[in-house]
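The structure is given below, and queries will be raised subsequently.
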Amino acid sequence: MPFYIFAWIASLTYGFYAVTTKLIGKYQLKNVAQFSFFSLLFSGLVITVISLINGAGVAISWTFIILAAIFLALGNTLYIAALKNLDVSVMAPLFNIRVVITVFLGCVFLGETLTVNNMLLVGFIVFAGFFATMDEKFSIKSFFAKNVAVGLLFMLVLSIRSVFINRAIAQTDYWTASMWINLLAIVPAFIFLYPRFRKDLSKSKPADYLGVVILSFLGGLGDLAANKAFEGNVGISSVIISLPISMVLAFVFAIWKPNWLEKHPLKVYVIRFTAAAVMIWGALQLSS
């Protein structure tokens, strides 16, 4: 199948993944470190089984696999931390900033050029991002909040990881790279996160991990589809995967079950959706 089909599968899956992550962090595993480690552990096991069935083996080159694994562990923690404190409808548009970061990375590391038109589009996307983070106070200062900074740092890590995944697959093969990236990510996650959640292990019930198991299947499906898309094309795949599907789902929940995820006046969502649409348009123009 064409790479963009896999990108759309990843986009839809990640939309449900974001909503599920928000619900689990809010109602089940409230410790970010604990949530992050077990989501990596379970999804790593799921992807390993699927990869082995499809012929994964021992990698012939490890550099980019190890780098991608480290950034996967770091990015997963940042994502859960950001989503725990940000609305889903704020987090979703920030993924378009990822396209901006990818363009700059291409200029720095791949020797790509940035035209005047591209620079204007970058400024346009960032400016729209101010409005995508607004709440009832309608203050530009909301964009410079600490939690938004964590979300933006996640986008940087995610962009770098995408490049490493692309290189890792090119050096080995899709299934082998996918398996080892997700398996090796468990190691740094355990080393750095375990001291932060060991006291909460005894307080957690087995039922608290049910949501993480479901999340792992969603994350595993999304990661496999995303990796396949990045194998074919990084730029356009990033745009499709960055579409704010979770933002639409969050809005539906705000109407149907306002106390579950988030609740804001309609005018807040109008501004956020308008800003997201502008960011998507800019991202599409930037990657074309």
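For residue 229, which of the numbered conditions (1) part of a helix (DSSP H, G or I); (2) modelled with pLDDT under 80; (3) touching a helix residue (DSSP H, G or I) at 6+ places or on another chain (Cβ under 7 Å); (4) within 19 Å of residue 101 (Cβ to Cβ) fails to hold?
Of everything listed in (1) part of a helix (DSSP H, G or I); (2) modelled with pLDDT under 80; (3) touching a helix residue (DSSP H, G or I) at 6+ places or on another chain (Cβ under 7 Å); (4) within 19 Å of residue 101 (Cβ to Cβ), residue 229 misses just condition (2).
How many residues are in a helix (DSSP H, G or I), among the charged types (D, E, K, R) and closer than 23 Å to residue 45 by Cα when one looks only at the range 145-179? Spell out how you get there, then give the answer.
First, the residues of the range 145-179 that are in a helix (DSSP H, G or I): 146-171, 174-179.
From what's left, among the charged types (D, E, K, R): 146, 161, 167.
Adding the requirement that they be closer than 23 Å to residue 45 by Cα leaves 161, 167.
The number of residues fulfilling the criteria is 2.
Only one of 190, 273, 217, 197 is at pLDDT below 80 and aromatic (Phe, Trp, Tyr). Can you tell me which?
Among 190, 273, 217, 197, only 273 is at pLDDT below 80 and aromatic (Phe, Trp, Tyr).
Can you tell me which residues in the range 15-32 are surrounded by fewer than 24 Cβ atoms within 10 Å (Cβ to Cβ) and among the polar types (S, T, N, Q)?
Of everything in the range 15-32, those that are surrounded by fewer than 24 Cβ atoms within 10 Å (Cβ to Cβ) and among the polar types (S, T, N, Q) turn out to be 20, 28, 31.
Which of the residues that make up the range 241-280 are of a type in the set (A, V, I, L, M, F, W, C), part of a loop (DSSP other than H, G, I, E, B) and over 19 Å from residue 125 (Cα atoms)?
Pass one, the range 241-280, residues of a type in the set (A, V, I, L, M, F, W, C): 241, 243, 245, 247-256, 260-261, 266, 268, 270-271, 273, 275-280.
When the remaining residues are screened for being part of a loop (DSSP other than H, G, I, E, B), the result is 243, 260-261.
Those that are of a type in the set (A, V, I, L, M, F, W, C), part of a loop (DSSP other than H, G, I, E, B) and over 19 Å from residue 125 (Cα atoms): 260, 261.
Report yes if some residue within the range 30-39 is in contact (Cβ under 8 Å) with a residue 60 or more places away in the chain and among the charged types (D, E, K, R); otherwise report no.
So far as the range 30-39 goes, no, none of its residues is in contact (Cβ under 8 Å) with a residue 60 or more places away in the chain and among the charged types (D, E, K, R).
While we're on this one: Does residue 182 count as surrounded by fewer than 19 Cβ atoms within 10 Å (Cβ to Cβ) and either under 28 Å from residue 26 (Cα atoms) or in contact with a Gly (Cβ under 8 Å, 6 or more places away or on another chain) (or both)?
Considered against the rule, which asks whether it is surrounded by fewer than 19 Cβ atoms within 10 Å (Cβ to Cβ) and either under 28 Å from residue 26 (Cα atoms) or in contact with a Gly (Cβ under 8 Å, 6 or more places away or on another chain) (or both), residue 182 comes out as no.
Six or more apart or on different chains, Cβ under 8 Å: which pairs go from a residue in the range 193-213 that's in contact (Cβ under 8 Å) with a residue 12 or more places away in the chain to one that's hydroxyl-bearing (Ser, Thr, Tyr) and buried (at least 16 other Cβ atoms within 10 Å of the Cβ)? Could you list them?
193/36; 193/77; 211/20; 212/39
Sticking with this one: Out of all the residues in the range 33-48, is one or more more than 17 Å from the chain's Cα centre (by Cα), open to solvent by less than 60 Å² (accessible area, probe 1.4 Å) and at pLDDT below 85?
no
So which of 12, 78, 52 is open to solvent by 10 Å² or more (accessible area, probe 1.4 Å), at pLDDT 90 or above and under 13 Å from the mean Cα position of the chain (by Cα)?
78
Quick check on the range 201-214. Is at least one of its residues assigned to a helix (DSSP H, G or I), touching a Gly at 6+ places or on another chain (Cβ under 8 Å) and surrounded by 15 or more Cβ atoms within 10 Å (Cβ to Cβ)?
no
With respect to residue 266, determine if the residue is modelled with pLDDT of 75 or more and more than 16 Å from residue 92 (Cβ to Cβ).
Considered against the rule, which asks whether it is modelled with pLDDT of 75 or more and more than 16 Å from residue 92 (Cβ to Cβ), residue 266 comes out as yes.
The values are calculated or read from the model by the stated rules, or taken from the named source; none is laboratory data. All figures in this text were calculated on a predicted structure; none of them were measured in a lab. Glycine gets a Cβ as well: all are built from the backbone with ideal geometry, and neighbour counts include every protein chain shown. We work out accessible area using only protein heavy atoms, side chains counted, and drop any ligands, DNA or RNA first. Shrake-Rupley method; radii C 1.70, N 1.55, O 1.52, S 1.80 Å.
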